[in-house]
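Report on the structure given below.
Computed from the coordinates by the stated procedures, all read-outs in this text should not be read as laboratory data. No experiment lies behind these values; they were computed from the predicted model shown. Glycine also receives a Cβ, built like all others from the backbone with ideal geometry; neighbour counts cover every protein chain displayed.
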Amino acid sequence: MTVKNGNQRHDELPVPDLVTRASNGDEQAWDAIVERYAPLIWSICHRHRLAEADAEDVAQMVWLNLVDQLGRLRDPSALPGWLVTTTRRECLRVLRAVRRPQATGLVPDVADLADAQAEVAEQGLLLAERHAALYAAFADLPPAGQQLVALLVADPPLTYAEISAKLGIPIGSIGPSRNRLLARLRRHPALAGLSDAGTGSPIRDSQPVRSVHDLSPERAACLPG
């Protein structure tokens, strides 16, 4: 969406502004929120291996819940984290409902799996959600920041000289810019929200982003090209 409000388009507004405007009845701000974060919700549904119809039901429930909760969010900037938590909860609800009628001993529920298997399955889902949250954090970087991060995690790796030539920026500015962008990613609510997304403890397999290499190569796969 490229609807303009004054001199700034809705899709360029920071999350808190979008949340505030949408909660005050701005339909264009609401549409911008849906357009920005629908891929995040679908990514989580996909990682939970939901059927398309179930994924559509989950997405609908998440957006309906958001309509009800939009004006009650304590921190509007935490919207991405809220979406991750709510989508994960709805996915698990759907999975339980699907498995319950089939509980004949042939299709064991997740709760009945061996502890080691359950832990592996849970960690896999959490890691997938971290990828989705990282996508949301990356999408909130300014365009120049997205370009720099994309080149920093390129495969095969690029030298600072090559990055400098491609972006037309001084070599000496790349390191400081990289550090600022990583700090911004660490603070993003979508990533912070995963620490207590219904687990009660930080994600063991998904420590905070400390270096640009935390985004590459597997984690960079969720970033837009």
TODO: Using θ = phi - 60° and the Karplus relation 6.51 cos²θ - 1.76 cosθ + 1.60, list the HN-Hα couplings for segment 32-40 in order, rounded to whole Hz, with x at every Gly or Pro.
DONE: 5, 5, 4, 5, 6, 10, 4, x, 5
Task: Pairwise label distance in nanometres, Arg72 with Ala97, each label 7 Å out on the Cα-Cβ vector - done: 2.0 nm
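Residue separation times 0.36 nm, minus the C-alpha to C-alpha distance between Leu158 and Leu64: what's the value? Let's see the in-between values first.
On the way: separation 94, 0.36 × 94 = 33.84 nm, distance 4.41 nm.
Extending this stretch completely gives an extra 29.4 nm.
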